[in-house]
Structures are given as structure tokens and as C-alpha cells.
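Working notes, beginning with the structure itself.
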Amino acid sequence: MLRFLGKIEEIFCASALLITAFVLFVNVVLRYVFSASTSWAEELIRYLMIWITFIGGSVCVRKSAHIRMDFLLGMLPEKVAGALTRLVYLIAAGFCAALFRYSYQLVRFTVELEQTSPAMGIPMWIPYLAMPLGSALMTLRFVRAACGKEDA
């Protein structure tokens, strides 16, 4: 099940990145060749980049692709380095769980306000939903990494 979820995350990020590149290209062509541009393109690109950031964060945790300082770990005995790495993963999971809690409250608040985006007119809870969803996925991935389980 988690492998399937990982594939969905990767397909989503790749698709969102392709859409972002395409919309940006079209908007640049419209602006500089035809002296016209869309009012919604920049907003869509911003929201897609937010989604890519949070869902991509989960992909990075799953693949151990986050930037880290491991200079000190190389100097420690293997058992100590492993324990320290697990502790760091648990701290990161705690941070992501807190981010989930507060971002979920933000999404609920935004739903209650019925706020919409200025250019596209979509409900603002849709872009904000990337935060609790991404942080929940990252929490899951960090806990699994702390337990020594690989999702690959």
C-alpha cells in the first residue's frame, strides 16, 4: 500500500511540475510575443509549487534525499550513529506532526471563512490543504524511517 502511495506522490509531483512548466511557458509567450498574459497563470504556478514542495517533501523523506549534515555521524561508532539518526527522524516526525495539527486548523478556518483566491476564484482551502497532507505524509515516512523500515 505504501509503495502505491509513493508512486502516486511521484506521479503527482511530476505532473504538477510539467503543468507548471507548460503554463509558465505559455504565459511568457503570451506576454512577450502577443503583449497579453493570463491573470490566473502566476497564481496557479504558485499554488502548484506549494503542492510540489509539501508532497515532494514526503518523497524526499521516503528516498532519504533530504539534505543533511553527516560529518559527525561518520566519526561516531555505527550503533551510536544509527541511534542518533533514529532520534533525528523522531524529532522530525514530531515537527511534522505539529505542522499537521496547526495547518489542519488553518484549513478548517479557511473553509469556515469561505475565502477564495483572487485570480482563479478557487476556495483557498485547496492550496492550504497541501500543508496538512504533506506534513501527515512526512510524519508517516519519518516514523517508518525511525523504525528502520524502507518504503522505496
For ALA92, net neighbour charge (Lys/Arg +1, Asp/Glu -1) across residues whose Cβ lies under 11 Å away | +3
Kindly identify the range 56-137 as rounded, prolate or oblate by the Cα gyration tensor criterion: order the square roots of the eigenvalues as a ≥ b ≥ c, call it rounded if a/c is under 1.5, otherwise compare a/b with b/c, prolate if a/b is larger, else oblate.
-> prolate
Shape parameters for the range 93-152, alpha-carbon atoms, Rg then Dmax in Å = 14.4, 45
Provide the per residue accessible area, probe 1.4 Å, for the chain, rounded to a whole number of square angstrom.
-> 66 Å²
Relative to the compact-globule scaling 2.2 N^0.38 Å, provide the ratio for the alpha-carbon radius of gyration of the range 36-83.
-> 1.97
Compute the acute angle (0 to 90°) between the alpha-carbon long axis of helix 2-33 and the principal axis of greatest extent of the alpha-carbon atoms of the chain; round to the nearest 10°.
-> 30 degrees
Within the accessible area of the chain, what % is carbon and sulfur when the probe is 1.4 Å and the other protein chains stay in place?
-> 71 percent
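Which value at 222 nm does the chain reach when only helices count, each DSSP H run of 4 or more adding -39,500 (n - 2.57), with the total divided by all residues and rounded to the nearest 500 deg cm²/dmol?
-26000 deg cm²/dmol
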Among ILE52, ILE8, what's the order by accessible area (1.4 angstrom probe), most exposed first?
-> ILE8, ILE52
Using a/c under 1.5 as the rounded threshold, could you call the range 1-82 rounded, prolate or oblate? The axes a ≥ b ≥ c are square roots of the C-alpha gyration tensor eigenvalues, and prolate needs a/b larger than b/c, oblate otherwise.
-> prolate
Per-residue accessible area, 1.4 Å probe, largest first, puts THR110, THR38 in the order THR38, THR110
Please pull out the direction-averaged projected area of the range 68-114, using the convex hull of its alpha-carbon atoms, in nm² to one decimal place.
-> 3.8 nm²
Estimated vicinal HN-Hα couplings, Hz - the range 110-119 in sequence order (Karplus 6.51, -1.76, 1.60; Gly, Pro = x) = 5, 5, 5, 6, 6, 6, 10, 6, x, 8
Could you give the nm distance between label points at ALA21 and ILE67, where each point is 7 Å from its Cα heading toward the beta carbon?
-> 2.2 nm
Ranked packing of 66-77, 24-35, 118-129, most packed first, by mean Cβ within 10 Å = 118-129, 24-35, 66-77
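The values are calculated or read from the model by the stated rules, or taken from the named source; none is laboratory data. In this text the structure is predicted, and so the values were computed from the model without any measurement. Cβ atoms come from the backbone with ideal geometry, glycine included; neighbour counts cover every protein chain shown. Surface areas here come from the heavy atoms of the whole protein model, side chains and all, with no ligands, DNA or RNA. Shrake-Rupley method; radii C 1.70, N 1.55, O 1.52, S 1.80 Å.
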